[in-house]
Structures are given as C-alpha cells and as structure tokens.
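These notes concern the structure reproduced below.
The values are calculated or read from the model by the stated rules, or taken from the named source; none is laboratory data. Please read these numbers as outputs of a predicted model, since none were measured by experiment. Every residue, glycine as well, gets a Cβ built from its backbone with ideal geometry; the counts of neighbours run over all protein chains shown. Protein only, heavy atoms only, side chains kept; ligands, DNA and RNA dropped before computing areas. Shrake-Rupley method; radii C 1.70, N 1.55, O 1.52, S 1.80 Å.
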Amino acid sequence: MSTRRRIAVLFAASIVALALVLAGFAGRADNPTLIAFVGTNDGFDIGVTDSNGNAITRIPPGTYTFLVRDRSRIHNFHFASNEDRTVDFRTELDFVGEMSFTVTLLDDTQYAYACEPHWQSMNGSLLSTNRPAPTPPPPPPPAPKPKTLRAGVTAGGTAHVSARSLKAGRYRMVVSDASKRHNFHLAGPGVNRRTTAAFTGRTTWTLRLKRGAYRFGSDPEPLEGRLRVR
C-alpha cells in the first residue's frame, strides 16, 4: 500500500472515530440532567432536583444524567431500585466533588436514594411514571364557630346562664361578673371554671360542653343552677 493511500485510510478511520465520540457526547447532552446532592457543610441533607433546583419526587420514564454533588466525607449518595436492577450507582464515602451517571428509568418504577451510613434519616424516593400525579384531597371544612352563651353573677350574688338546655359542642361563654363579693362558677363533664370573688368585669371562656348535667352558681354556696347538655 502506498504512503498516500495509507494516510488516506488512517484519516478516514480518524474521522469515523471522531464522529462516534461526538455522537456519544451529543447523546448525553440530549439527556435531561437531574441534580443530586448530599451532605452540604457535613449536614444531613440529601435530595434530587431538576435543573432549575426544584425538588422532584416523580418524573417521566427515560434516560437521565444524574449530576451528583457529594459535599461531605461522612456521607455518600446511593441511588438504586428493587424493581429495576439495571440502575444502581453511588459515590464513595471519602469522595467529595461531582460525578455524573447516565441511567434509563423504566415506567411505573420506584427508585430510592440514601446516604448509606445514615439511611434511616437521610433518604428519599423517585417514581418514574407517565401517570399524572393524584389529585390531593380537598382541605377539610373549617371548624364551625362556637356559639355564644351568656352567663355571670349579679351584684347581689345571683348566678345566671342564658340557656338551661342546649346541644353538645363548642361554646363561647361570655361571663359578666358584677359582684366584688361573689363569683361565677360552672362545673360539669370536662369543665370546672370560675371567676375570683374579687374580680369584676367581663371575661370569655371557650368551652366544649359534653352531654350531661352542668351546675352553676356562686361560691361558697352550693351550685344550685342546672344546665342540661343533650
């Protein structure tokens, strides 16, 4: 073979090899990049985000490049799946820096990641699926506002409540104490509230009244008033 032909063959082979290398780089460049991190400032943080830094827990199946940012010698990052044995990569415990791993995630497959020495507290998961995320349940309805109940004691020491029978539930009891010698006292299932004898003015109690009989009055006299809760 002549020297000119030998050079031509070597040049052609070089072009083919370069094309294959560039194709490989192009293929990797087309893969979406996910950012994995662990051990910032030796902290116990670990996670996976998209390229914009948004935390993710589910992504469509496909081929991805994981850029792992391992920031600690006391932690590592391990990514694997019990359902897909083809995906299993990790950084070493002593390694600090960035490493890239390109993997293909299967449809409807759960993947997990963890720091191996601290897997119980440093872990997470990633679901590869085309199914839409489930719609979160609607928030519970707000708790009903408590009904207002008025009670108190007169200047002469007579205790009173604005109702003698009511349904069980939450109540806002507005207590007016007009006596410097007498107080208002309410006692019953789950409740034992009173004003002091020296107190005068208005106070508000938030109570949960249960089914049963409640007594009210002014100390030290017997609590002779009755409030029935049904």
Seminar exercise, completed: For R164, the net charge from surrounding residues (Cβ-Cβ under 10 Å; K, R +1; D, E -1) works out to +2
Exercise. What would the Debye formula give as log10 I(q)/I(0) at q = 0.12 Å⁻¹ for the alpha-carbon point model of segment 50-116, no solvent?
Worked result: -0.32
Problem set entry | Amide N proximity, segment 68-106 versus D45 label position 7 Å along Cα-to-Cβ, cut-off under 17 Å | 68-77, 97-98
For this session: Pop the C-beta distance of E83 and I56 into the FRET formula with R0 = 22 Å and round what comes out to the nearest 0.05.
Result: 0.75
For this session: Please identify, among T40, T148, T57, the residue showing maximal mean-square fluctuation in a Gaussian network model of the chain using a 10 angstrom Cα cutoff.
Result: T148
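Within segment 58-153, list the trypsin sites (Lys or Arg not before Pro) lying in a DSSP loop whose Cβ has at most 10 other Cβ atoms in a 10 Å radius.
R85
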Seminar exercise, completed: Here the FRET efficiency for A155 versus R228, based on Cβ atoms and R0 = 30 Å and rounded to 0.05, is 0.65
For this session: Using only the Cα atoms of segment 142-183, each taken as one equal point scatterer with no solvent, compute I(q) by the Debye sum, divide by I(0), and report log10 of the ratio at q = 0.18, 0.23 Å⁻¹.
Result: -0.57, -0.76
For this session: Can you tell me the dipole magnitude for the chain around its Cα centre, using point charges on the Cβ only (Lys, Arg +1; Asp, Glu -1), in Debye to the nearest 20?
Result: 2200 debye
For this session: Calculate, in whole percent, how much of the Cα-Cα pair population of segment 28-144 lies beyond 16 Å.
Result: 61 percent
For this session: Taking every Cα atom in segment 63-210, find the radius of gyration and the maximum pairwise distance Dmax, and write them in Å.
Result: 31.9, 86
Problem set entry | With all protein chains modelled, accessible area of D94 [1.4 Å, Å²] | 110 Å²
Exercise. Using the alpha-carbon atoms, what tilt in degrees (0 to 90, nearest 10) does helix 3-30 show relative to the longest principal axis of the chain?
Worked result: 10 degrees
